[in-house]
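The structure appears right after this line, and notes come after that.
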Amino acid sequence: MAETLYRGTGRRKTARARVRLLPGEGKITVNGRPLDEYFTRPAYRAAVRSPLELLGQAGRYDVVARLEGGGPTGQADALRHGIARALAEESQEARSELKAAGLLTRDSRAVERKKYGLKKARKRPQFSKR
């Protein structure tokens, strides 16, 4: 098996992505399946490829990723975050480019918990005066 060059962990909502960058020709494998098979929506595939295309290194590395938890949007964004973090290890200028594009920042938004006495996190029961 090829030697791992860089590693990165990406997170979004409850999704986690463990990413390995290997020297190769640009294949992206997610949970043992090709990217196009795993993510059927073009928007998700574009999001995943964005850190590589930003640096112009789409054909330089093979990406092997393990995704757990969350749904498709969270997983795609977690994978993008993991790839960006792995690429940031390469050089300081790559890191500054990724940081300027906002790809190294973890999106901390998550589902707010439901509170007792309410119907959802913030929705209140209908008020009746009489």
Tell me, please, whether a residue that is exposed (fewer than 12 other Cβ atoms within 10 Å of the Cβ), part of a strand (DSSP E or B), at pLDDT 95 or above and among the charged types (D, E, K, R) can be found in the stretch 62-69. no
Restricting the stretch 1-53 to residues that are polar (S, T, N, Q) and without any contact (Cβ under 8 Å) to a residue 60 or more places away in the chain, the residue that is farthest from residue 74 (Cα to Cα): 4
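When the stretch 81-115 is examined, which residues are found to be of a type in the set (Lys, Arg) and either in contact with a strand residue (DSSP E or B) (Cβ under 7 Å, 6 or more places away or on another chain) or not in a helix (DSSP H, G or I) (or both)?
First, pick out the residues of the stretch 81-115 that are of a type in the set (Lys, Arg): 85, 95, 99, 106, 109, 113-115.
Within the stretch 81-115, 85, 106, 109, 113, 114, 115 qualify.
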Could you grab the pairs with beta carbons closer than 9 Å, sequence gap of 6+ or different chains, first residue in the stretch 92-110 and of a type in the set (Val, Ile, Thr), second one surrounded by 13 or more Cβ atoms within 10 Å (Cβ to Cβ)? 105/81; 105/99
Within the stretch 60-70, identify whether any single residue is more than 16 Å from the chain's Cα centre (by Cα) and at positive phi, and answer yes or no. no
Are any residues in the stretch 1-27 β-branched (Val, Ile, Thr) and modelled with pLDDT of 95 or more, and if so, which ones? 9, 14, 19
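Every residue, every condition in (1) touching a Ser or Thr at 6+ places or on another chain (Cβ under 6 Å); (2) surrounded by 13 or more Cβ atoms within 10 Å (Cβ to Cβ); (3) of a type in the set (Phe, Trp, Tyr), yes or no:
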residue: 9; (1), (2), (3): no, yes, no
residue: 13; (1), (2), (3): no, yes, no
residue: 35; (1), (2), (3): no, yes, no
residue: 49; (1), (2), (3): no, yes, no
residue: 71; (1), (2), (3): no, no, no
residue: 76; (1), (2), (3): no, yes, no
residue: 82; (1), (2), (3): yes, yes, no
residue: 102; (1), (2), (3): no, no, no
residue: 105; (1), (2), (3): no, no, no
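The values are calculated or read from the model by the stated rules, or taken from the named source; none is laboratory data. As the structure is a prediction and not an experimental result, all values here were calculated from the model. Neighbour counts are summed over all protein chains in view; Cβ atoms, including those assigned to glycine, are modelled from backbone coordinates with ideal geometry.
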